[in-house]
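*Asks:* This is the structure, below, for whatever I ask next.
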Amino acid sequence: MTLRSQLLKGILEGCILSIISRQPTYGYELSVKLQEFGLNDVSEGSIYPILLRLQKENLIQGEMKKSDTGPKRKYYALTNEGHEALKQFIYHWRTIKAPVDTIIGEGGNIR
Amino acid sequence: MNTKDLIQLNNEKREQLTGTNKEYYGDMLVYIRTNFNKSERYTEEVLLELLEHLLQAQAEGRTARDVFGDDPKAYCQEVIGEIPSEKKTNRLSFILYIVMNLIGHVSLTVGIVGLALYYFFNLGNGNISFPLGSGIVIILIDLFLLALFVLIIFKRIKSSTFKNKQPKKWIEFLQLWVLCTLFIGLTLLAPWFMPDFGANMHISFPVFILAGAVFYIVSFVMNKKMRLIN
């Protein structure tokens, strides 16, 4: 596992929760959105084990629904616990992001 | 949507896959399906999602390898690892169904053949006699052998996936032949070597047929209601 994929693992879960929280989303749509946001070296298939895990933890719920364009698809929506987990993620991310940015920036300055 | 509808839908959609994508996905499907204890519902839902995804990608000119990576086995194991276990009640009803259906079929066959032999050819005394204890143990041994047989077959099917070279047909046939012979042989040997114990039962063939019919009907209704198979 590369450093990037290790870093990404937990963060990806948070990003997926965030995307799903905006509107019910199906698998393919989700992977397209992740790519559009610039996470384009996340391999497409890797979202499915994560979606299963999030379902098992009862953070998201899937429902087979007819889509506008035709075929039945499994749309995911956040559960109450999912919304809570997303809040937690955003909180933790913010408390980590700023210090890490500073450390990396200042690390360069100290030398 | 029931699980069986999902499987049906998967069967129809899979036809749209072409060439190596079809092969790649077909192996994934077999590898992910041949698991005991995994929720059938989640298994079929994720299989359909993977298929939908691949079909989209295929339409855009990408391959299964692009979508799921170069190591399909590792990817499948990752997916399987996240599929929740089957609910105990579901597993129990499935096992109950299989056992009742099997006992129903066997009792009906034995009863009808026995009655016919007695009625038309005057063979036997119109009863089926067996010691109760031995009878129950034999049924348990046979069910155990059946479970073992199914388990081995599943393992074989699973290990046939993601192979570049297919093994020789005649070797496969021989292995399967030995396996089946062993299974049938052991099933028949169980009553042969079983010592008699427990109260002696004498059941007339019509009663045997009736009991078999009850088992069969209950299993039939169970399947109709819960769609355990098909």
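Just so you know, all these numbers are worked out from the coordinates, no wet-lab data involved. Computed from a prediction, not measured in an experiment: that's the story for all the values here. Using ideal geometry, Cβ is built from the backbone for each residue, glycine included, and neighbour counts are taken over all protein chains shown.
*Asks:* Would you please name the residue that is surrounded by the most Cβ atoms within 10 Å (Cβ to Cβ), looking only at residues in segment B:25-38 that are within 11 Å of chain A (Cβ to nearest Cβ) and under 19 Å from B:F162 (Cα atoms)?
*Replies:* This residue is B:M28.
*Asks:* Turning to a different aspect of this structure: Filter segment B:70-86 for residues that are more than 8 Å from every other protein chain (Cβ to nearest Cβ) and in a loop (DSSP other than H, G, I, E, B); which is farthest from B:K13 (Cα to Cα)?
*Replies:* Only one residue tops the list, namely B:E86.
*Asks:* From the list B:V99, B:V67, B:V30, pick out the single residue that is among the β-branched types (V, I, T) and within 25 Å of B:K224 (Cβ to Cβ).
*Replies:* Result of the check over B:V99, B:V67, B:V30: B:V99.
*Asks:* In addition: Restricting the search to segment B:177-196, which residues are touching a helix residue (DSSP H, G or I) at 6+ places or on another chain (Cβ under 8 Å) and of a type outside the set (F, W, Y)?
*Replies:* Residues satisfying the conditions are B:L179, B:L186, B:T187, B:A190, B:P191, B:M194, B:P195, B:D196.
*Asks:* Would you pick out the residues in segment A:1-14 that are out of contact with any Asp or Glu (no Cβ under 8 Å at 6 or more places or on another chain), surrounded by fewer than 19 Cβ atoms within 10 Å (Cβ to Cβ) and not in a loop (DSSP other than H, G, I, E, B)?
*Replies:* Listed by number, the residues that qualify are A:L3, A:S5, A:Q6, A:L7, A:L8, A:K9, A:G10, A:I11, A:L12, A:G14.
*Asks:* Let me ask something else. So A:L86 passes all but one of these: (1) touching a residue at least 60 places away in the same chain (Cβ under 8 Å); (2) within 14 Å of chain B (Cβ to nearest Cβ). Which condition number does it fail?
*Replies:* (2)
*Asks:* Scanning segment A:38-50 for residues that are assigned to a helix (DSSP H, G or I) and of a type in the set (G, A, S), which turns out farthest from the other protein chains (Cβ to nearest Cβ)?
*Replies:* A:S46
*Asks:* Ok, one more. Is it true that some residue in segment B:39-47 is loosely packed, with under 14 Cβ neighbours inside 10 Å, within 10 Å of chain A (Cβ to nearest Cβ) and out of contact with any Leu (no Cβ under 6 Å at 6 or more places or on another chain)?
*Replies:* no
*Asks:* Hey, another quick one. Exactly one condition in (1) crowded, with 16+ Cβ neighbours inside 10 Å; (2) more than 11 Å from every other protein chain (Cβ to nearest Cβ); (3) in contact (Cβ under 8 Å) with a residue 12 or more places away in the chain; (4) farther than 19 Å from A:Y75 by Cβ is not met by B:K22; state its number.
*Replies:* Every listed condition holds for B:K22 apart from (3).
*Asks:* Return the residues of segment B:59-69 that are farther than 16 Å from A:V42 by Cβ and part of a loop (DSSP other than H, G, I, E, B); say none if nothing qualifies.
*Replies:* Across segment B:59-69, the qualifying residues are B:E60, B:G61, B:T63.
*Asks:* Which residue pairs have Cβ atoms under 6 Å apart, sit 6 or more places apart or on different chains, and have a first residue in segment A:51-72 that is more than 7 Å from every other protein chain (Cβ to nearest Cβ) and in contact (Cβ under 8 Å) with a residue 12 or more places away in the chain and a second that is part of a loop (DSSP other than H, G, I, E, B) and of a type outside the set (D, E, K, R)?
*Replies:* A:N58/A:T79; A:Q61/A:T79
*Asks:* Please work out which one of (1) of a type in the set (F, W, Y); (2) surrounded by 12 or more Cβ atoms within 10 Å (Cβ to Cβ); (3) over 21 Å from B:R62 (Cβ atoms) is the condition A:Y26 fails and give its number.
*Replies:* Tallying (1) of a type in the set (F, W, Y); (2) surrounded by 12 or more Cβ atoms within 10 Å (Cβ to Cβ); (3) over 21 Å from B:R62 (Cβ atoms), A:Y26 fails exactly one: (3).
*Asks:* What are the pairs, 6+ residues apart or on separate chains, where a residue within segment B:76-98 that is within 14 Å of A:I47 (Cα to Cα) has its Cβ under 7 Å from a residue that is in a helix (DSSP H, G or I) and among the charged types (D, E, K, R)?
*Replies:* Correct list of pairs: B:E82/A:R53; B:E82/A:K56.
*Asks:* Search segment A:16-37 for residues being small (G, A, S) and within 14 Å of chain B (Cβ to nearest Cβ), and hand back the single one that is farthest from A:Y75 (Cα to Cα).
*Replies:* The residue in question is A:S31.
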